[in-house]
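Trainee: The structure that follows is given in the form of structure tokens.
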Amino acid sequence: MNLLPHLKFALLPIFTVFPTTQALATIAHDADNPQIVFAAQEIEEALDEAGRGSLNVSILVEPNESKPESFEIRLLGPERIEIVGTDSTGAMYGGLELADWVELGLPFRNHEGTPFVEKRGIKFNIPWDARSPSYDDTGFSAQTNIETMYDLEFWTAFIDDLARYRYNVLSLWSTAPFANLVKLDDYPEAVLEDVYRMKDGLLKPRQPRDLFKTFDKDKNGAINEEDGVIELVMKLSMDEKTAHWQRVFQHAADRGIEIYLFSWNVFTHGATGKYGITQDQTNPKTIKYMRTLVRETLLAYPQIAGLGVCSGENDREELDDTPYSTEHYIFNTYGRAIMDVQEAHPDRKIRFIHRRHGSDPDRVREAFKDYTGGELDTSVKYAVAHIYSSRRPQEWENRIEGEGWNQDFKVWLNLRNDDIFMHRWGSPDFVRDFIKWMPREDSPGFMMGSDGYVWARDFAAKNPELRGQMEIDKHWYKFRLWGQLAYDNARDNDYWQAVLAHRFPTVDAPLLHDTWEAVSEIIPQLNRAVWSGIDAAFAPEGCMSWLSPASDGFLTIDDYYFNRSPMALSRIENGPDPQCISVTDWAEAIVAGKTKTLTGLTPLEVADNLDRFAQAADDALPHLRTQVGQNVELQETLWDIESMAHLGRYYADKQ
């Protein structure tokens, strides 16, 4: 290891930067620390892009367990900067902060950074294979992206962006992930070798989510080649699969990102019908197999920091409050597997999250009374399926405080985005306030994502130049907002305008910022005015609902208004969003001459808000379009802003 004495600290390896200018810049850092190496590379690239030399930077770690992931940037002279992290991730974040300043042309200053939200995570519904789906893999996005899951270049770029945006958790959600990850000596046939997808033309609009009920032709509890409905994507042995996922998970660890695996229950994909294994929570052979499978997965992947489970979707609810309840099954499989691992490796920390959905805190307490595996948390759909609604959703009062979960459990916030898939969205003000209002005293943090959509590559783009683009590139602004504002909630509009100016150098950045922010308030206003929180109940980009009686799912005026009430926003005092009044309550008050008794936004005031948000786009777009030039991404962004404005006008008229 090359060493160079530097300043007050011990010997450090040197990483030398040669920017485009003649002057020499140096970045002293530990070349054996992957997080710090990444930060040094980001600084180097920013300096090179900016044409800036004569800058001497040192990155080091001064351990402080009381302030994880924190850093200081110290100005030691006109061209000397020291970055000190409390750990490797903190040092990396300090380096990324400096790279931001260089890239965006922001002034250097003494600065301290510490996480506002402890855990800043992504919820990624992962389509491992058609034989082992996520919650809902019936869409084009999931099936097309199965191959992407085995593309290491995708994961490297995706994880690097997560680190740049200050996320530290990547949670992978599916019905049963484990048979895609390890091969068991005692169950050699219970594996999912190779990779398969559904054949083209089989999946229809509004396809029932459970593919097994429709396509398991021989009724053996599995979808396989004999059913004639799947096709090979690639040949891949289990050893090759394991090696691939070990590389992916290690790259996440090298960027300060923890891996969590989430599953629904009870599913035994890859093993159903073998060795006496069934999807029955009372079957001792199933329990033994699942305990072994989970344990061996954790041993094969030391990067896994936690497991999460849902007690629903394929369990026997009639067994609740019995020794065979789903909670007891989860303890005897996942819980005991974690305890097995920790018995063999006492220093291994594995966080376990038993989701609230489909469960009860008393049943969890009873089932896990002998659990010694470490932290036991829960999670809640904080805004049910619609984070783009209120800045302070109030399901917390019902689902967590009302049921007593927060008495004994830390509560992760499941931030479900079932609202916005196609449009590029961006409101720093909304995200900043949403995060500020999070119940951080009871919550480690959040995991943000969708069900029924895979945030991998966009194969639905009509522009051939953008087809196959990574979703985190298409929706870069949204991902960056949630991650960076969760780490530093004080990032102001000047910062975000600088970000936009760098991304789109020809544009009037303050105007784009304000316009994008205004039009991004349309869908949150819709959800607050007419609320249907459950899964697939409202897709505002198409005014559709999975629950609509119409064959195409379209919501008529009757379906839109009269079967749904406004979002409840009066459970707390001085919340950030006013309560809306339903069309029916407002009409009845007018007929009765009692409008003065109503408190909140009337339907006409909601319509005025929607028109106002849309008008901001209508006013700004002519000028912004003169600045597009040959920038395809800027053109697409402005089209999305225009499209969201049309949505606002449409729903305003529908009011």
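Trainee: Of all the residues that make up segment 567-624, how many are on the phi > 0 side of the Ramachandran plot and of a type in the set (Asp, Glu)?
Mentor: Residues of segment 567-624 that are on the phi > 0 side of the Ramachandran plot, as a first pass: 574, 593, 600.
With of a type in the set (Asp, Glu) added as a condition, the list becomes none.
Looking only at that region, the number is 0.
Trainee: Right, another one. From the list Ala529, Ala490, Ala498, which one is over 26 Å from Asp640 (Cβ atoms) and either surrounded by fewer than 20 Cβ atoms within 10 Å (Cβ to Cβ) or among the hydrophobic types (A, V, I, L, M, F, W, C) (or both)?
Mentor: Details: Ala529 fails: over 26 Å from Asp640 (Cβ atoms); Ala498 fails: over 26 Å from Asp640 (Cβ atoms).
Within the list Ala529, Ala490, Ala498, the selection yields Ala490.
Trainee: Restricting to segment 629-655, count the residues that are closer than 11 Å to Ala617 by Cα, among the small types (Gly, Ala, Ser) and surrounded by fewer than 21 Cβ atoms within 10 Å (Cβ to Cβ).
Mentor: Number satisfying all stated conditions: 1.
Trainee: Follow-up. Can you pull out every residue in segment 439-448 that is surrounded by 22 or more Cβ atoms within 10 Å (Cβ to Cβ) and in a loop (DSSP other than H, G, I, E, B)?
Mentor: Within segment 439-448, Ser443 is the sole residue that qualifies.
Trainee: Could you tell me whether any residue of segment 591-599 is of a type outside the set (A, V, I, L, M, F, W, C), over 23 Å from Asp508 (Cα atoms) and in contact with a Pro (Cβ under 8 Å, 6 or more places away or on another chain)?
Mentor: Residues of segment 591-599 of a type outside the set (A, V, I, L, M, F, W, C): 593-597, 599.
Those still in the list that are over 23 Å from Asp508 (Cα atoms) too: 593-597, 599.
The next check asks that each one be in contact with a Pro (Cβ under 8 Å, 6 or more places away or on another chain); those that pass are none.
No, the conditions are met nowhere in segment 591-599.
Trainee: Checking the condition at pLDDT below 95 and open to solvent by less than 40 Å² (accessible area, probe 1.4 Å), which residue from Gly600, Gly593 passes?
Mentor: On the way: Gly593 fails: open to solvent by less than 40 Å² (accessible area, probe 1.4 Å).
Every option except Gly600 fails the conditions.
Trainee: List every residue pair whose Cβ atoms sit under 6 Å apart, with the two residues 6 or more apart in sequence or on different chains, where the first one lies in segment 544-572 and is free of Cβ contacts under 8 Å to residues at least 12 places away in the same chain and the second, anywhere, is of a type in the set (Val, Ile, Thr) and open to solvent by less than 40 Å² (accessible area, probe 1.4 Å).
Mentor: No pair meets every condition.
Trainee: Then there's this: Considering (1) outside any loop (DSSP other than H, G, I, E, B); (2) modelled with pLDDT under 95, say which one Asp451 fails and leave the rest.
Mentor: (1)
Trainee: Specify the residue that is farthest from Val530 (Cα to Cα); the eligible residues are those in segment 582-629 that are touching a helix residue (DSSP H, G or I) at 6+ places or on another chain (Cβ under 7 Å) and among the β-branched types (Val, Ile, Thr).
Mentor: Val628
Trainee: Let me ask something additional. Please give the number of the condition Gly426 fails out of (1) part of a loop (DSSP other than H, G, I, E, B); (2) open to solvent by 10 Å² or more (accessible area, probe 1.4 Å); (3) not aromatic (Phe, Trp, Tyr).
Mentor: (2)
Trainee: Same structure, new question: If the requirement is being within 30 Å of Arg457 (Cα to Cα) and either among the aromatic types (Phe, Trp, Tyr) or open to solvent by 10 Å² or more (accessible area, probe 1.4 Å) (or both), which of these qualifies: Glu65, Glu42?
Mentor: Numbers: Glu65 fails: within 30 Å of Arg457 (Cα to Cα).
Result of the check over Glu65, Glu42: Glu42.
Trainee: Restricting segment 237-257 to residues that are among the hydrophobic types (A, V, I, L, M, F, W, C) and open to solvent by less than 30 Å² (accessible area, probe 1.4 Å), which is nearest to the chain's Cα centre (by Cα)? So that I can check it myself, show each step before the final result.
Mentor: Keep residues of segment 237-257 that are among the hydrophobic types (A, V, I, L, M, F, W, C), which gives 238, 243, 245, 248-249, 252-253, 257.
After this cut, where a residue has to be open to solvent by less than 30 Å² (accessible area, probe 1.4 Å) as well, the list is 238, 245, 248-249, 252, 257.
Details: Met238: 28, Trp245: 19, Val248: 17, Phe249: 16, Ala252: 15, Ile257: 13 Å.
The extreme case among them is Ile257.
Trainee: Where in segment 463-505 are the helices (runs of 4 or more DSSP H), entirely inside, with at least 3 residues that are on the phi < 0 side of the Ramachandran plot and aliphatic (A, V, I, L, M)?
Mentor: Working: elements: 471-474, 476-487, 493-503.
By residue number, 476-487, 493-503.
Trainee: Moving on. With respect to Asn414, is the statement that it is touching a Lys or Arg at 6+ places or on another chain (Cβ under 8 Å), of a type outside the set (D, E, K, R) and modelled with pLDDT of 95 or more true? Please lay out each step first, then the result.
Mentor: Working: touching a Lys or Arg at 6+ places or on another chain (Cβ under 8 Å): yes; of a type outside the set (D, E, K, R): yes; modelled with pLDDT of 95 or more: yes.
Yes; evaluated as a whole, the condition is true for this residue.
Yes or no, residue by residue, for (1) acidic (Asp, Glu); (2) under 28 Å from Asp137 (Cα atoms):
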residue: Met438; (1), (2): no, no
residue: Gly445; (1), (2): no, yes
residue: Gly452; (1), (2): no, yes
residue: Pro464; (1), (2): no, yes
residue: Gly468; (1), (2): no, yes
residue: Trp482; (1), (2): no, yes
residue: Ala509; (1), (2): no, no
residue: Glu541; (1), (2): yes, yes
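Trainee: When you look at Ala550, is it loosely packed, with under 13 Cβ neighbours inside 10 Å, over 28 Å from the mean Cα position of the chain (by Cα) and more than 16 Å from Ser389 (Cα to Cα), yes or no?
Mentor: Yes.
Trainee: A further question follows. I need the full set of residues from segment 197-236 which are open to solvent by 40 Å² or more (accessible area, probe 1.4 Å) and in a helix (DSSP H, G or I), in order please.
Mentor: Within segment 197-236, Lys213, Thr214, Glu225, Glu226 meet the criteria.
Trainee: All but one of (1) under 23 Å from Asn220 (Cα atoms); (2) surrounded by 21 or more Cβ atoms within 10 Å (Cβ to Cβ); (3) of a type outside the set (A, V, I, L, M, F, W, C) hold for Tyr260; which doesn't?
Mentor: (1)
Trainee: Of a type in the set (D, E, K, R), surrounded by fewer than 22 Cβ atoms within 10 Å (Cβ to Cβ) and in contact with a Gly (Cβ under 6 Å, 6 or more places away or on another chain): which single residue out of Arg467, Arg457, Arg392 fits that description?
Mentor: When all the criteria are applied, what remains is Arg392.
Trainee: One residue is enough: does segment 158-181 have a residue meeting the conditions assigned to a loop (DSSP other than H, G, I, E, B), open to solvent by 10 Å² or more (accessible area, probe 1.4 Å) and charged (D, E, K, R)?
Mentor: no
Trainee: Moving on. Does Trp155 fit the bill of being buried (at least 23 other Cβ atoms within 10 Å of the Cβ) and touching a residue at least 24 places away in the same chain (Cβ under 8 Å)?
Mentor: On the way: buried (at least 23 other Cβ atoms within 10 Å of the Cβ): no; touching a residue at least 24 places away in the same chain (Cβ under 8 Å): yes.
In short, no.
The values are calculated or read from the model by the stated rules, or taken from the named source; none is laboratory data. Keep in mind that this is a model prediction, so the values were computed, not measured. Note: ideal-geometry Cβ built from the backbone for every residue, glycine included; neighbour counts use all protein chains shown. To get the accessible areas, we keep the full protein, side chains included, count just its heavy atoms, and leave off ligands, DNA and RNA. Shrake-Rupley method; radii C 1.70, N 1.55, O 1.52, S 1.80 Å.
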